[in-house]
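Undergrad: If you scroll down you'll find the structure; I have some questions about it.
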Amino acid sequence: MAVPTYATTAERVWHYAFRIICGLIFFFLIAPIVVIIPLSFNAEPYFTFTREMLSFNPEGYSLRWYENLLGSQEWMQSIANSFFIAISSTIIATALGTVAALGLNRPNMPARALITAILISPMIVPLIITAAALFSFFARVGLSNTYFGIILSHVVLGTPFVVLTVTASLAGFNQTLIRASQSLGANQARTFFKVILPLLLPGVISGALFAFVTSLDEVVIVNFMAGPTQTPMTVRMFSGLREEISPTILALASLLVALSILLLATLEMIRRRNERMRGMSPG
């Protein structure tokens with residue numbers, strides 16, 4: 001936005017200074033993430049820019065680390081583990097969180113504040129405490145070092161995100177639509193799938209994406225719960241940084257950055273669609 005013609009000298013200085021400050025903050029936040037992308041194309045097994053890379057010599061760049069990633073059975077198995085756990089836990093967390101949010105939105109729901117606090121407590125309690133508690137419980141019931149135990153653990157972490165996003169969508173929900181649907185002869189199931197769910201879909205999808213990213217990025221709980229066959233890519237990356245410094249980790253990190261950008265773009269499209277549905281922005 002341009003500076004108004006009637007702005008004083010101090011206001012003009014602050015106008016440009018504010019933009020410079022915002023740019024520096026943005027650079028501070030994004031630079032450590034962006035810098036790993038060119039490093040993943042390093043021809044040498046280093047985590048630093050070589051002389052050839054800085055001089056833009058083609059010999060300083062290579063796809064060897066991406067080839068090493070895609071050709072490694074251990075890395076591909078860990079990636080498959082991560083996506084299997086993340087997708088499975090996201091499906092369960094989305095279903096449970098949506099149902100919980102709908103229940104909490106009922107006006108006659110008793111102890112609503114207490115139940116909400118319990119549901120979102122995994123977001124507040126330190127993760128190491130949650131991990132130790134889940135491991136202690138699942139070890140007693142024989143679910144430690146199993147896929148099902150890890151998935152349930154990630155469901156605990158992902159459900160609060162779904163509850164919050166769906167609850168936010170319900171804040172502007174018109175209850176008259178439900179009564180209108182029922183007055184026209186629709187049963188509860190048809191009302192839910194034809195009336196409620198389409199209007200809540202942006203919140204449901206947003207919560208599902210947050211749950212998916214949380215599960216995909218999680219490393220503390222899986223360190224407690226995962227056995228050798230369930231090792232996800234986050235644990236393998238963490239172990240690789242401690243035991244074997246390999247740019248293969250940077251190649252995988254670059255792919256995860258691309259995935260994160262794709263998910264953020266999806267969330268932005270969902271947000272705009274939600275605003276259009278609510279009449280908050282032009283179509």
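Just so it is clear, none of the values below were taken in a lab; they were calculated from the coordinates. Keep in mind the model is a prediction, meaning the values are calculated, not measured. Every residue, glycine as well, gets a Cβ built from its backbone with ideal geometry; the counts of neighbours run over all protein chains shown.
Undergrad: Report, in whole Å, the centroid distance computed from the Cα atoms of the stretch 86-109 and the stretch 1-24.
TA: If we compute the Cα centre of each part, the gap is 45 Å.
Undergrad: Let me ask something else about it. For the stretch 1-146, rounded, prolate or oblate, judged on the Cα gyration tensor with a ≥ b ≥ c (square roots of eigenvalues), a/c < 1.5 rounded, else prolate if a/b > b/c?
TA: oblate
Undergrad: So who's got an amide H within less than 5 Å of the one on ASN42, skipping anything under 5 residues away but keeping other chains? H placed 1.01 Å off N, in plane.
TA: When sequence neighbours closer than 5 places are left aside, the close amide H contacts are SER62.
Undergrad: Evaluate the relative contact order of the stretch 87-237 (contact order divided by residue number), counting alpha-carbon pairs under 8 angstrom at least 6 apart; express in whole percent.
TA: 39
Undergrad: Per DSSP H run of at least 4 residues, take -39500 (n - 2.57); add these up for the chain, divide by its residues and hand me the 222 nm value, nearest 500 deg cm²/dmol.
TA: Calculated from helices alone, the mean residue ellipticity at 222 nm is -23000 deg cm²/dmol.
Undergrad: Mind listing which chymotrypsin sites (Phe, Trp or Tyr not before Pro) in the stretch 1-79 are in a DSSP loop and have 16 or fewer other Cβ atoms within 10 Å?
TA: Sites meeting the loop and neighbour criteria: TYR6, TYR46, PHE47, PHE49, PHE56.
Undergrad: Here are a few candidate values for Kirkwood radius over Cα pairs in Å: (i) 22.4; (ii) 18.2; (iii) 18.9. Which one was actually calculated from the structure I just gave you?
TA: Label (i) holds the value from this structure.
Undergrad: For the stretch 163-180, in order, what is each residue's ³J(HN,Hα) by Karplus, 6.51 cos²θ - 1.76 cosθ + 1.60 with θ = phi - 60°, in whole Hz (x at glycine and Pro)?
TA: Rounded to whole hertz, the list is 4, 5, 5, 6, 4, 4, 5, 6, 4, x, 7, 8, 5, 4, 5, 5, 5, 5.
Undergrad: Please report the relative contact order for the chain, taking Cα pairs under 8 Å with a sequence separation of at least 6, and give it as a percent rounded to a whole number.
TA: For the chain, the relative contact order is 27 percent.
Undergrad: So, one more: Can you give the extra length, in nm with one decimal, that the chain gains between ASN57 and ARG273 once fully stretched, where that is 0.36 nm per residue apart less the Cα-Cα distance?
TA: 73.3 nm
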